[in-house]
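Worksheet for the structure shown next.
What follows draws every value from the coordinates through simple rules; no lab data is involved. All figures in this text were calculated on a predicted structure; none of them were measured in a lab. All Cβ positions, glycine included, derive from the backbone under ideal geometry; neighbour counts span all protein chains shown.
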Amino acid sequence: RANTVELETFIRELADSDVDYQQMSGKVLFIDDDRTMTAIICSMIEASGSECISCTNGEEAMALIADNHFDLVIADYFLDGKLTGLDTLLAIRQMGGKRARTPVMVISAQTDVERRIEILKKGANDYVAKPVVEEELVVRANNLITQKKLFDRVEEQREQLRNMAMTDQLTALYNRHFLVEFAPKRLAEAMRHKTDLSLMVVDLDHFKAINDTHGHDRGDQVLREVADILKSVCRKEDMAIRLGGEEFLLILPHCSAEGVIKKAEELRLLLLKTRPARLDVTGSFGITCLEGGNQADFSDLFTAADEAVYEAKDTGRNKVIF
Ligand code: GH3
Ligand code: MG
Ligand code: MG
Ligand code: MG
């Protein structure tokens, strides 16, 4: 299963990943109204292996940054147009998401200590004096690009780990960690907006017998295919969770009592029709709906759906109880 393999590969990679501190190249934006300067700096950057895009003022720069991911922005202190180099730097820091921490290097002909301090205090990552010394510019640029790329990589791994921690390995559905973190939030949202929210608990019938008769691997196959069936009926905002074993939960925002009854019945029939792992598999469905404007806590709602499953079990299985 993709998710299992992915996790194993990922853990191995994390263990093996010797960070390569060699300087990296990247995509650079150079902002200066002086065309000669632009030609010189861009050729230095490009000779060092990076890509250099240029523009002449801060406004243009902001538009380019909004459309591209740059690994480094180099800005002249003085610029034509409304934004100076430092204004552009501040505008970048106020952008949403990752862009706000794009490394920025400021170039200035004035090299007194007050100017250098001003630039760094405004949040520039580095400073280079004019006339620019090629070797210095390149090494400073590459240091910033390298740091940025390493940081991006750590962020990416963090995000991947977060996703894996909330995903069930066997079925690639969400797991209980996800439930604990997100279910109360979804419920609070529904209550705040006075919209319906339905829960559906599904417990496969006599699953132990499937394992006993056909083996654990075949049982696993059933679980994976059932998960796919559950996913197939989910809209974008719905959440399908494997609670454990052969028990699943669907969280259905904006789904009325009538809607969830229909959906559970649809799923019950789909299970019969699909025959996961070529076996006759049925499920017991317990559903509950918090109608818009009402208040409840998640565990009470869940208990109601879970108790409905017990009732389905007690009254013959392969049925939906509200
Ligand atoms: P009921 O209709 O009352 O729900 O009966 P049941 O057999 O489905 O319920 P029970 O709780 O007795 O058994 C659940 C079984 O699910 C027992 C356990 O071995 C099996 N199971 C739990 N997790 C997994 C899994 O990851 N893979 C497989 N193949 N089986 C699992
Ligand atoms: Mg059981
Ligand atoms: Mg069961
Ligand atoms: Mg069970």
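To the nearest 0.05, how large is the calculated FRET efficiency for residue 322 and residue 27 if R₀ is 45 Å and r is the Cβ-Cβ distance?
0.20
Report, for the chain, the % of DSSP beta bridges that are antiparallel, rounded to 5.
50
Compute the FRET efficiency between residue 313 and residue 156 as 1/(1 + (r/R0)^6), taking r as their Cβ-Cβ distance and R0 = 25 Å, and round to the nearest 0.05.
It comes out at approximately 0.05.
Please list 117-126, 130-139, 223-232 highest first by mean number of surrounding beta-carbon atoms within 10 Å per residue. Write out the running numbers ahead of the final one.
Details: 117-126: 16.3, 130-139: 13.8, 223-232: 18.9.
So the order, starting with the most tightly packed, is 223-232, 117-126, 130-139.
Quick one: how many lysine pairs in the stretch 90-238 have C-alpha atoms under 28 angstrom apart, if they're 8 or more apart or on different chains?
Count of close lysine pairs: 20.
So how do 235-242, 90-97, 311-318 stack up, highest first, on mean other-Cβ count within 10 Å?
So the order, starting with the most tightly packed, is 235-242, 311-318, 90-97.
Using a simple charge model, +1 on the beta-carbon of Lys and Arg, -1 on the beta-carbon of Asp and Glu, nothing else, what dipole does the chain show about its Cα centre, in debye to the nearest 20? Numbers along the way, then the final one.
Numbers: 41 positive and 55 negative charges, 127 e Å.
With only Lys, Arg, Asp and Glu charged at Cβ, the dipole is about 620 debye.
Using the charge dipole of the chain (Lys, Arg: +1 at Cβ; Asp, Glu: -1 at Cβ; taken about the Cα centre), state which of 57, 88, 261 has its Cα farthest towards the positive end.
Working it through, the farthest residue towards the positive pole turns out to be 261.
Mind listing the Cα extents of the chain along all three principal axes, in Å, largest one first?
Extents along the principal axes, in whole Å: 86, 46, 29.
I'm a student and want to see the number: the projected area of the Cα convex hull of the stretch 96-163, averaged over all directions, in nm². Numbers along the way, then the final one.
Values: hull surface 21.8 nm².
Hull-based average projected area comes out at 5.4 nm².
Would you compute, from DSSP H runs of 4+ residues alone, the mean residue ellipticity of the chain at 222 nm, taking -39500 (n - 2.57) per run and dividing by the full residue count, rounded to the nearest 500?
Rounded to the nearest 500, the figure is -17000 deg cm²/dmol.
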